[in-house]
Amino acid sequence: MAARNESLLVVIVSVLVVVNAIIMIPASAQLTANFYEKSCPQPQALLDLIRSVVENAAWELHFSVSTFMTAL
């Protein structure tokens, strides 16, 4: 019974981690886009925006994987 509860907990945490990543990556990209649009409308800003979005996505993926591994 304990193994079944543990498996259910792992599944629930895994689903929550995936949902978190799906929600947070576009949200952080939009926040970053809004910041750069208002603060520095220059050609270099697009490259900075792309770099920032990739960094945010990498942090979200890192957080999701570490949360999943902790749950195991």
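Contact map, the stretch 43-63: first residue free of Cβ contacts under 8 Å to residues at least 24 places away in the same chain, second residue in a helix (DSSP H, G or I) and exposed (fewer than 12 other Cβ atoms within 10 Å of the Cβ), Cβ cut-off under 9 Å, separation 6 or more or different chains; pairs are ALA45/GLU37; ALA45/SER39; LEU49/GLU37. Listed by first and then second residue, the pairs with beta-carbon distance under 9 Å, at least 6 apart or on different chains, first residue in the stretch 10-32 and farther than 18 Å from LEU46 by Cα, second among the aliphatic types (A, V, I, L, M) and modelled with pLDDT of 70 or more, are VAL17/VAL65; ALA21/ALA57; ALA21/LEU61. Quick one: would you say LEU31 is in contact with a Phe, Trp or Tyr (Cβ under 6 Å, 6 or more places away or on another chain), part of a helix (DSSP H, G or I) and modelled with pLDDT of 70 or more? Criteria not met by LEU31. When the stretch 46-70 is filtered for residues that are surrounded by 15 or more Cβ atoms within 10 Å (Cβ to Cβ), under 17 Å from ILE12 (Cβ atoms) and either hydroxyl-bearing (Ser, Thr, Tyr) or modelled with pLDDT of 80 or more (or both), the ones remaining, listed by number, are SER64, THR67. Of all residues in the stretch 34-45, those satisfying the criterion of being in a helix (DSSP H, G or I) and either surrounded by fewer than 11 Cβ atoms within 10 Å (Cβ to Cβ) or modelled with pLDDT under 70 (or both) are ASN34, TYR36, GLU37, LYS38, SER39, PRO43, GLN44, ALA45. A residue that is at pLDDT below 70, outside any helix (DSSP H, G or I) and out of contact with any strand residue (DSSP E or B) (no Cβ under 6 Å at 6 or more places or on another chain) can be found somewhere in the stretch 1-24.
The values are calculated or read from the model by the stated rules, or taken from the named source; none is laboratory data. Keep in mind it's a predicted model, so treat the numbers as computed, not measured. Every residue, glycine as well, gets a Cβ built from its backbone with ideal geometry; the counts of neighbours run over all protein chains shown.
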